[in-house]
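One structure, as structure tokens, below. Some questions next.
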Amino acid sequence: MRKGKTFVISGPSGVGKGTVLKALLEQRKNVYVSVSATTRTARPGEEDGIHYHFLEKSVFQEWIAQDAFLEYAEYVGNFYGTPKKFVDSAMDEGQDVILEIDVQGALQVAEKRPETILIFIAPPSWEALEQRLTLRGTDRPEKIQERLQRAKVEFQSADAYHYVVINDTVENAARELDAILTAEHCRVMERMEMIGT
Ligand code: 5GP
């Protein structure tokens, strides 16, 4: 059976990671997108267990104590973490796993599991990102500025990543992402193991 690989996708809030991932899932099978746990409140339309596991801070701390997270980080005042068990069971089933997490989390996963492929999704420009955050209408102007500042700082860490996908259009970004997943399964070692030497 083909082995599953773990891919981390990071990028600023508002860059459209969710939309790009949705488009990827429509064109690619065998992909499991990890559902993170968070202490932030649900946005309209978000469902518990589907978009996030929405947890009280005390429960999040219990999960930390039980070593239930592959990684976790604080982001703009809230905690976010990747539950380990779902990631591992999906990989065991041969699925590629996508973790949509921030840069701090990505670096933790890369250290624990160096075979992880890190992909950064960037906006075509900072103006475009500010416009998308404003149009989304879920954050107050101060929070938008905070998220923009955070995005610029995060982009400086992009050199720790293996790939950068620019989300100019959803179709282009999803196509590039799909190509990266395919290419990673064409690596010499994997093909040698598959064919036999
Ligand atoms: P949002 O509040 O917009 O849903 O997410 C804010 C940030 O938290 C995004 O950059 C998102 O990628 C990141 N994030 C979501 N889940 C996780 C997680 O499990 N771990 C880490 N480290 N970051 C996460």
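The values are calculated or read from the model by the stated rules, or taken from the named source; none is laboratory data. Predicted, not measured: the structure shown is a model, and the values here were computed from it. We place every Cβ from the backbone using ideal geometry, glycine too, and count neighbours over all the protein chains shown. Just the protein is used for accessible areas: all its heavy atoms, side chains included, with ligands, DNA and RNA removed. Shrake-Rupley method; radii C 1.70, N 1.55, O 1.52, S 1.80 Å.
Scan (1) open to solvent by 40 Å² or more (accessible area, probe 1.4 Å); (2) modelled with pLDDT of 95 or more; (3) in a loop (DSSP other than H, G, I, E, B) for the single condition Val59 breaks and write down its number.
Single failed check for Val59: (3).
Only one of Leu133, Leu148, Leu118, Leu107 is open to solvent by less than 20 Å² (accessible area, probe 1.4 Å), within 14 Å of Ile9 (Cα to Cα) and of a type in the set (A, V, I, L, M, F, W, C). Can you tell me which? If you could, list the steps in order and put the result at the bottom.
Working: Leu133 fails: within 14 Å of Ile9 (Cα to Cα); Leu148 fails: within 14 Å of Ile9 (Cα to Cα); Leu107 fails: open to solvent by less than 20 Å² (accessible area, probe 1.4 Å).
Testing whether each residue is open to solvent by less than 20 Å² (accessible area, probe 1.4 Å), within 14 Å of Ile9 (Cα to Cα) and of a type in the set (A, V, I, L, M, F, W, C) leaves just Leu118.
Let me spell it out: the conditions are (1) exposed (fewer than 12 other Cβ atoms within 10 Å of the Cβ); (2) in contact with a Pro (Cβ under 6 Å, 6 or more places away or on another chain), and Val15 meets all of them except one. Which number is the exception?
(1)
List the number of the failed condition for Tyr80; all other conditions in (1) within 18 Å of the chain's Cα centre (by Cα); (2) free of Cβ contacts under 8 Å to residues at least 60 places away in the same chain; (3) assigned to a helix (DSSP H, G or I) hold.
(3)
Looking at the range 51-102 only, could you name the residues that are of a type in the set (Ser, Thr, Tyr), near the ligand (Cβ under 10 Å from one of its atoms) and either closer than 20 Å to Lys5 by Cβ or in contact with a strand residue (DSSP E or B) (Cβ under 7 Å, 6 or more places away or on another chain) (or both)?
Start the filter on the range 51-102 by keeping residues that are of a type in the set (Ser, Thr, Tyr), which leaves 52, 58, 72, 75, 80, 82, 89.
Now drop any that are not near the ligand (Cβ under 10 Å from one of its atoms), which leaves 52, 72, 75, 80, 82.
Answer for the range 51-102, where residues must be of a type in the set (Ser, Thr, Tyr), near the ligand (Cβ under 10 Å from one of its atoms) and either closer than 20 Å to Lys5 by Cβ or in contact with a strand residue (DSSP E or B) (Cβ under 7 Å, 6 or more places away or on another chain) (or both): Tyr52, Tyr72, Tyr80, Thr82.
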